[in-house]
Amino acid sequence: MAYTVTENKSWFKRIGESFAGIITGIILIIVGTWLLWWNEGRTFNTAGAIKEAELVTEDVQDISRLDPALEGKLIHATGRADTKDTVRDPLFGVEVTALNIERDAKFYQWKEESHSETRKKLGGGEETVTTYTYSPAWTDSPVDSNNFKDESYKGRNMVLANVEDKTFWAENITFGAYRLPQFLAHSIGGEQPITLRNVNTDSLAQVVMTPTGYTPQQIIHVQGSSVYVGANPNNPAIGDVRITFSQTPPADVSIIAQVIRGTFEPFTASNGYTFSRLEMGIKGVSAMFEDARSDNNIMAWVLRAVGAFCVIAGLGLVFRPLSVIADVIPILGTIVDAGAGVVAFLIGLAWSLVVIAVAWVRYRPLVACGLIAVALVFVGLSYMKGKKSAQA
């Protein structure tokens, strides 16, 4: 059943909130500007480290024995990431010979979802109607129902066992005659479900909140790769918990890393940036460096988009009082809000390009000049947009 909350804000309250939002807007602009600047340096230096690493990498065909001649060298090699260790989850007693065991817990909880509709009122006021709906679902963590809006749903969530997600790693993972360190091993994928057999239900019973009328053993069910805590696995109830186990078996991998005393460390380039890489399967050295460059470029564009979004959002908050003031006549406020949004976008994009260009002056002077020219175009467009709005 839906629950609605109606909130009315006066024009004066909205103006106060919009002016307070200017501070948040300025912070967003500063954060976005810093992120854009830092990202360009990170991208350039990472690319430099990759290029330097590629020049000195030695392709090694045989890793079946420790080779003293490779000490301190950056190598590319392919082989099997393997272990003889038995990995164990101490709470459940699950144990396998694998690179790791991963425990993933899900909780059956009431979830609150909301949908808001805002209507402007003559005189600058605003009415917001928020509809809250509730439904049970499996969640990644327990949901605090004490904060729910509908009083009838407050406090209805509980969990029968508060179990954390956790990954247990083998201490000794080999790569031929070498030991594979954890920073590389954590990049190994290919998880597979564990068929559970001997689960320590007595140990688990100590952390289970047993419902009235049941014993801990009656609500702990082992099903395939999962342990289900609840009265009926086929009919989940609020508070039930499902814990699924998977393992990462030995696998063929390809690495680029520096040989140090029978194991590996990241390569440190002359600019201070480090580089190492592990990929699944048999990958050639050229393909691995190409993948590294591609990942660096993708990360660069993702962070550029995030930085530009922060700047544009910040400018939107700075310009927000203009549209709120104009909301005395709702249609006028809507027009001003749309115009301010366009101007914030153009100026924010121009500012982002300028920051990137200035950062590139040191690294890529020719490209920097081109970016500055594009930025000036956006500044001109925003000026013309503002001039047309003033004339209107």
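Remarks
- Under 13 Å, Cβ to Cβ, from Ile282 - net charge with Lys/Arg +1 and Asp/Glu -1: -1
- Think of the range 205-329 as a dipole: +1 on every Lys or Arg Cβ, -1 on every Asp or Glu Cβ, centred on the Cα centre; then among Ile256, Met209, Gly316, Gly316 lies furthest on the positive end.
- Anchor Lys149: aspartates and glutamates whose Cα lies under 15 Å away (excluding residues fewer than 8 positions away in-chain): Glu7, Glu112, Glu113
- Classification of the chain by its C-alpha gyration tensor yields an oblate form. The axis ratio a/c (a ≥ b ≥ c) is 1.5 or more, and b/c is at least a/b.
- For the set Lys84/Lys106; Lys73/Lys166; Lys13/Lys121, the pairs lying more than 23 angstrom apart at their alpha carbons are Lys84/Lys106; Lys73/Lys166.
- Computed [θ] at 222 nm, helices only, for the chain once each DSSP H run of length n ≥ 4 contributes -39500 (n - 2.57): -14500 deg cm²/dmol
- Length-normalised contact order of the range 210-369 in % [C-alpha pairs under 8 Å, at least 6 apart]: 11 percent
- Percentage relative contact order, the chain, counting C-alpha pairs under 8 Å, at least six apart: 25 percent
- Listing Thr33, Thr118 from fewest to most neighbouring C-beta atoms within 10 Å gives Thr118, Thr33.
- Which of Pro136, Thr118, Phe107, positive extreme of dipole for the range 66-139 (C-beta unit charges): Thr118
- Cβ-to-Cβ counts within 10 Å put His186, His76 in ascending order as His186, His76, the fewest first.
- Rounded to the nearest 20, the size of the Cβ-charge dipole of the chain about its Cα centre is 1400 debye, with Lys and Arg at +1 and Asp and Glu at -1.
- Its Cα centre serving as origin, the range 23-106 has a Cβ charge dipole (Lys and Arg +1, Asp and Glu -1) of approximately 320 debye.
- A full extension of the chain between Ser203 and His186 corresponds to an added length of 3.3 nm, given 0.36 nm per residue minus the alpha carbon distance.
- Length released on extending from Thr212 to Ser286, taking residue separation times 0.36 nm less the Cα-Cα span: 20.3 nm
- Taking 20 Å as the cut-off, the amide N atoms of the range 115-140 that come nearer than this to a point 7 Å along the Cα-to-beta-carbon line of Asn8 belong to 116-131.
- Rounded, prolate or oblate (a/c below 1.5 giving rounded, otherwise prolate when a/b exceeds b/c) for the range 110-255 by Cα gyration tensor: oblate
All of the numbers you see were taken from the coordinates with simple rules; none came from a lab. Computed from a predicted structure; not experimentally measured. So basically every Cβ, Gly included, is an ideal-geometry build from the backbone, and we count neighbours across all protein chains shown.
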